[in-house]
Amino acid sequence: MKMRLSFLRRRHTDSSLQPSVRPSPEEALKWAESFQELTNSKYGLSLFRAFLSREFSEENIEFWLACEEYKRSRANKLSSKARKIYEDFVAVQAPKEVNLDSSMRSLIHDHLQNPDRHAFDSAQRRIQGLMEQDAYVRFLQSDLYTDLAQANNPNTSS
């Protein structure tokens, strides 16, 4: 059974509105080049999040995004944001616990006293690697992605 997420579909209700932000199939095909290409696209990132949500594994991309936001935070906000990321994603039994080994969890915990912009870099790379090896590959094979990437292709049927 194919599950469609209607909020991500193109709507043609009023021609006076701006064109849809839905990417062309060619743009969507670029997402298959790398995880970075996917995350550089707002639509691609939204579609990937929807895919992960459908699979009940959105904590990985939420952690990854929290780390990206953390790196852009003002210095006076780093400590509180680091603690929040730790409590939400890193601590054992965290509500959105991600798959990190105990040594990485301990290292992050130790850096909470005086965090810098790179406090979560290793953990973020680890989670990105896990997503690239598994969820990203499954996403590229999913109906959410293939329907978009093959749209307007006369050799496919809808």
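Quick look at the numbers
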item	result
Failed condition for Ala151, given (1) open to solvent by less than 20 Å² (accessible area, probe 1.4 Å); (2) of a type in the set (A, V, I, L, M, F, W, C); (3) under 24 Å from Gln36 (Cα atoms)	(1)
Among the candidates Ala123, Ala151, residue that is in contact with a Pro (Cβ under 8 Å, 6 or more places away or on another chain) and on the phi < 0 side of the Ramachandran plot	Ala151
Matching helices (runs of 4 or more DSSP H) fully within the range 75-156 where at least 2 residues are among the charged types (D, E, K, R) and over 19 Å from Asn60 (Cβ atoms)	143-149
Elements of type helices (runs of 4 or more DSSP H) in the range 1-71, at least 1 residues being modelled with pLDDT of 90 or more and closer than 17 Å to Thr146 by Cβ	25-30, 35-40, 42-54
Residue match in the range 94-109 (condition: in contact with a helix residue (DSSP H, G or I) (Cβ under 7 Å, 6 or more places away or on another chain), of a type in the set (Val, Ile, Thr) and within 29 Å of Ala28 (Cβ to Cβ))	yes
Matching residues in the range 72-90 - criterion: being surrounded by fewer than 16 Cβ atoms within 10 Å (Cβ to Cβ) and either farther than 24 Å from Leu52 by Cβ or not acidic (Asp, Glu) (or both)	Arg72, Ser73, Arg74, Ala75, Asn76, Lys77, Ser79, Ser80, Arg83, Lys84
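Residue-by-condition table, conditions (1) without any contact (Cβ under 8 Å) to a residue 12 or more places away in the chain; (2) among the aromatic types (Phe, Trp, Tyr); (3) in contact with an Asp or Glu (Cβ under 7 Å, 6 or more places away or on another chain):
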{"position": "Val98", "(1), (2), (3)": "no, no, yes"}
{"position": "Ser103", "(1), (2), (3)": "yes, no, no"}
{"position": "Gln133", "(1), (2), (3)": "yes, no, no"}
{"position": "Asp143", "(1), (2), (3)": "no, no, no"}
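The values are calculated or read from the model by the stated rules, or taken from the named source; none is laboratory data. Predicted, not measured: the structure shown is a model, and the values here were computed from it. Methodologically, a virtual Cβ is constructed for each residue, glycine included, from the backbone with ideal geometry; neighbour enumeration extends over all protein chains shown. Surface accessibility is based on the protein's heavy atoms, side chains included, excluding ligands, DNA and RNA. Shrake-Rupley method; radii C 1.70, N 1.55, O 1.52, S 1.80 Å.
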